[in-house]
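What follows is a short report on a single structure.
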Amino acid sequence: VQLQASGGGLVQAGGSLRLSCAVSGSAEDIGARAWYRQAPGPHRELVAGIYGDGLTIYSDSVKGRFTISTDNAENTIYLQMNRSRLEDTAVYYCKVTHQYSGDYWGQGTQVTVSS
């Protein structure tokens with residue numbers, strides 16, 4: 001399984017950005033798809049996740065502003081970021097959990113929110 005994240009960049013506070021994560025390889029046994037982010041420091045936090053039954057979860061800090069989704073074939077994971085805040089600045093990573101072989105991460109895409 002390989003993941004390729006894209007869509008990061010510079011956005012003004014209050015603006016929108018959409019991140020994409022292309023999933024290739026043995027994607028048919030993937031049970032969970034998620035976005036994480038890491039600001040400077042060691043901690044990487046869960047931003048949003050989507051599961052096989054369509055259940056979605058969000059961190060409290062992005063709830064109501066961000067939306068996670070997939071395309072119909074579930075080969076691409078999206079993160080729609082609306083009403084961006086300065087504290088959303090981070091490197092964003094996509095992750096999938098394969099039923100048999102565990103977790104796979106994308107390479108990260110930088111999002112910078114400016115005032």
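The values are calculated or read from the model by the stated rules, or taken from the named source; none is laboratory data. Computed from a prediction, not measured in an experiment: that's the story for all the values here. We place every Cβ from the backbone using ideal geometry, glycine too, and count neighbours over all the protein chains shown. Surface accessibility is based on the protein's heavy atoms, side chains included, excluding ligands, DNA and RNA. Shrake-Rupley method; radii C 1.70, N 1.55, O 1.52, S 1.80 Å.
Brief remarks on what is shown
- Restricting the GluC sites (Glu not before Pro) of segment 2-82 to loop positions (DSSP other than H, G, I, E, B) with no more than 13 neighbouring Cβ atoms within 10 Å leaves nothing.
- Sequence of ARG18, ARG85, ARG37, ARG44 from largest to smallest accessible area, 1.4 Å probe: ARG18, ARG85, ARG44, ARG37
- At a probe radius of 1.4 angstrom, the accessible area of the chain per residue rounds to 51 square angstrom.
- Relative contact order (%) - criterion: Cα under 8 Å, at least six apart; region: segment 17-70: 25 percent
- Using the Cβ-Cβ distance between ARG85 and TRP105 with R0 = 30 Å, the FRET efficiency computed as 1/(1 + (r/R0)^6) comes to roughly 0.75.
- Sites listed here are chymotrypsin sites (Phe, Trp or Tyr not before Pro) in segment 13-115 whose DSSP assignment is loop and whose Cβ has at most 10 other Cβ atoms within 10 Å: TYR100.
- Segment 1-110 - percent of accessible surface contributed by carbon and sulfur, probe 1.4 Å: 48 percent
- Antiparallel %, DSSP beta bridges [both residues in the chain], to 5: 90 percent
- Relative contact order %, the chain, counting alpha carbon pairs below 8 Å whose residues are six or more apart: 38 percent
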